[in-house]
Amino acid sequence: MYDPTQIEKKWQAQWEQDALYLVNDDDASPKWYSLTMFPYTSGDLHIGHWYAEAPADTYARYKRMCGYNVLRPIGFDAFGLPAENAAIKRGIHPREWTLGNIANMTRQLKSMGSCYDWNREVVTCLSDYYRWTQWFFLKLFKENLAYRKKAPVNWCPSCQAVLANEQVEDGKCWRCESQVIQKDLEQWFFGITKYAAELANHEGIDWPEKIKIMQRNWVGRSEGADISFLLEKPAKEYDSIKIFTTRPDTAYGVTFMTIAPEHPMVEYITTPEQKEEVTAYQQRSREKNDIERLSTEKEKDGVFTGAYCYNPLNDDKIPVYIGDYVLISYGTGAVMAVPAHDTRDFAFAKKYNLPIKVVIASPNYNGEELSQAYIESGSLINSGRFDSMNSEEAKKAIAEYLTVLGKGGPSVNYKLRDWLISRQRYWGAPIPIVYCNSCGLVPVNEEELPVLLPEKAEFKLTGENPLKYNEEFVNTTCPKCNRLAKRETDTMDTFMCSSWYFMRYTSPHSPDAPFYKENVEKWMPVDLYTGGAEHAVMHLFYARFLTKALRDMGYVNFSEPFSRLFNQGLILAQGGGKMSKSKGNTVTPDDLVIRVGADAVRAFLMFIGPWDQGGEWNDAGLNGISRWLQRIWSLVIENYQEQTLNEKDTRDFVRAMHRTIAKVGDDLEKLRFNTMLATLMEYSNYLNKVKTAGSVPYFIWQEAMKNLILMLAPSTPHITEEMWQIKGQLYSVHQQAFPQYDAELATEEEITLVVQINGRVRDKINAPIGLTAQQAEDLARSSEKILSFTEGRQIEKVIYVAGRLLNIVVK
RNA sequence: GCCGGAGUGGUGGAAUGGUAGACACGGCAGUCUCAAAAACUGCUAUGGGGUGACUCAUGUGUCAGUUCGAGUCUGACCUUCGGCACCA
């Protein structure tokens, strides 16, 4: 009998003792960097983590067996909001909570029998790591890629604290249920938009199409024109309204302007009569988030500011509105409105009784009033010198004409915004900046890093940033003039920590650099990066940005961090929905490992379906896998006895072995673990039959057993190591080469010819390989079944698919 | 709302435009047993016909289309899941 518990513990200890999975940087074999998105230190690993890790481990092991020097590191993403929530709720320090979770998760990860190199472990909340996160901040600051500007945050006026989106429920604070408002704070940004064009381009990397599309949409490139509309009454520094449009061809049809309610010019251009209404509207829009504001379901509304501006093309006098469907963060925070040719503007114009001026004629337009916006292309009318041009030509011509007028010109706009990295929270890497009364904003000297996160922190129920009240932390001296100064109390977005951890793995202990150039350039880019698709835009985007920024600073010689990306699916809780601790619907692998062993759990997770699909959790099939491993054990360990040898059986036997090796290798290469295991099950069922018959020679049987163990080794590492040893083979099975197949021996001796009449299967005939079309037809016509269908009917056409199928079309 | 996926037996799923349901789970029947469990063997999409080997029809979310042939390609729709910038 096979006892997984005992075997698994034994081999895990043995592998650790023998340092079987420690990676040697100097190994001359070709490198393979296999990486799974490191886990967040949320407490326990649930089955979803295993679903992410086990197949990836199997693939890494397969690559080792194919002769690669495989780097498969592991670490923890350890800063972030949940640790702080735990601190507030349970009175436990975030550090203690986080390190406790890491200890538990490490134990769980080790119980899986993975080939991680634990000597390279990285933990982002430890100062020997975040020191370098801060160092990157300073480098970006030096390159003018880190800067400060005002940006809105979710603000709870009652708690006097900034809330994460997660902490806002239906527009209310999750703690005290006060109405949350948008409040402007001076915050830190990274200049990610400078790389917009490059980030939208995924040339040379093998990523899922859907992720590339999501990232391109995230960048949101659009071509059009900038146009300046001169204000009737310039106010302060604002003498005109600048807009971006993708439809410069409709610019003669502008009948009003809409600017974002939070646009700074609103204060200055609003007339006294409109002040009250405008202020009330601004107040209301602070209570909405961007998704609500952009929703096309809700009716668009706005308020007249009392101000007017002029269309530079035809001098039309145009009223200026504010409307919350215009976002300050996109484009210039202002849009021109052409109700005749934009659905949203049309509805707005109808609502407020604004003129609708047609400037693009549809093919059969006769000058009648529009009942809805005409948003297609057409030929221009009421557009001065551009009349009768078509939209496409006019877009260019009008944009160029604006350049001549000095009122704008062709332009490219991106939806992408700069990356807001400021967090008004404790549990993150402090931003290494000091504010000095005489020198202003001063970066901390590199040699002074890390700016240590103080241990002492008072967590208020409201969630206010404890750093603000820690005088020892806040009060410091200016790095420039040495006078008293104050520290920045914002910490960095944890996405900054996870934007470079994969490079740290290449030189995990380097004390004087984030990584050594030689190491990072040996291992990077990551050959296969796996993780959830929920990171499609943020993490994956920021990591690409930082890589490109580091390249331009000369720290690395590659542009893309991840050569190939694969997204495994999501394991949903039983009954649907995401697994989460708060819902109490998580499934822990620990109980399953106790029940059937890690090998069975690994194989089960790979068998339940295509890896990129995920699905609702259900362990109904787990016992089946466990039984299969038991059968494999008996098959391999219990003696084989030759009985009556049979030549045909032996030929079939050898062919089955080679065909299985080919299919298993191919499936592994394509990350199709479910069909790989199905193939092995089919093969083991077949082997059991042959064993009963005893019709193949002993030495060939033994070869099949060896290859079976080797093919299974990446998936179920413990049982295979044990069987390998019992079979008297050299330790370790995980240092052996993956079996090779012989294409000739794998070739079938005969085929099944499927014969169809009008596309319906009517007969199946065994036939030799290499059948010609004529031979196939003759064969089909000799079948009685086929004759009964063709008799008395006229054959119109015969289609032959070589070696597979013959379709006879009759009338 | 916008963007991106996914829909196949009782269940998870398989299927280079070419035999739909591989491989499993579950169920049913049998072997073994005093009995049960375990293990093993067989059957298991639906409907009809036949004692039977078998045979006919229907069938991959819905409705159209392309094709000798569609789960696979095209269009529209329905359902469902993920992302939308402070959960990570």
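Overview of results
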read-out: Residue-span extension gain [A:Q641 to A:K764] - 0.36 nm each, minus C-alpha spacing; value: 40.7 nm
read-out: Rounded FRET efficiency, nearest 0.05, which uses the C-beta distance separating A:K350 from A:C439 and R0 of 60 Å; value: 0.60
read-out: Helix axis angle, A:272-285 relative to chain A longest principal axis, alpha carbon, degrees; value: 20 degrees
read-out: Pairs beyond 28 Å (Cα-Cα), from A:K785/A:K811; A:K288/A:K395; A:K236/A:K351; A:K110/A:K517; A:K670/A:K727; A:K663/A:K764; value: A:K288/A:K395; A:K236/A:K351; A:K110/A:K517; A:K670/A:K727
read-out: 0 to 90° range, to nearest 10: angle between helix A:343-352 axis and chain A longest Cα axis; value: 30 degrees
read-out: Total formal charge among the other residues, if their Cβ is under 14 angstrom from that of A:P30, Lys/Arg +1 and Asp/Glu -1; value: 0
read-out: Order of A:M65, A:M711 under a 10 Å beta carbon neighbour criterion, fewest first; value: A:M65, A:M711
read-out: Summed residue charge, Cβ within 14 Å of A:T5's Cβ, Lys/Arg positive, Asp/Glu negative; value: -3
read-out: Restricting segment A:172-265 to GluC sites (Glu not before Pro) in coil, as DSSP defines it, with at most 16 other Cβ within 10 Å; value: A:E177, A:E203, A:E237
read-out: Calculated [θ] (222 nm, deg cm²/dmol) that DSSP helices of n ≥ 4 give over chain A, each run adding -39,500 (n - 2.57); value: -11000 deg cm²/dmol
read-out: Radius of gyration, Dmax [chain A; alpha carbons; angstrom]; value: 33.8, 107
read-out: Label zone at A:L461 (point 7 Å along Cα-to-Cβ), backbone N below 17 Å, segment A:45-86; value: A:85-86
read-out: Virtual spin-label span in nm between A:K142 and A:A13, 7 Å along Cα→Cβ; value: 5.1 nm
read-out: Efficiency of FRET from Cβ geometry, A:K212 and A:A164, R₀ 25 Å, rounded to 0.05; value: 0.30
read-out: Distance (nanometres) between label positions extended 7 Å along Cα→Cβ at A:E703 and A:Q735; value: 2.6 nm
read-out: Linear extension gain, A:R651 paired with A:D239, 0.36 nm per residue minus alpha-carbon span; value: 139.5 nm
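Rule-based calculations on the coordinates, nothing more; no lab input. On a predicted model such as this, the values are computed, not experimentally measured, just so you know. Note that each Cβ is placed from the backbone with ideal geometry, even for glycine, and that neighbours are counted across all protein chains shown.
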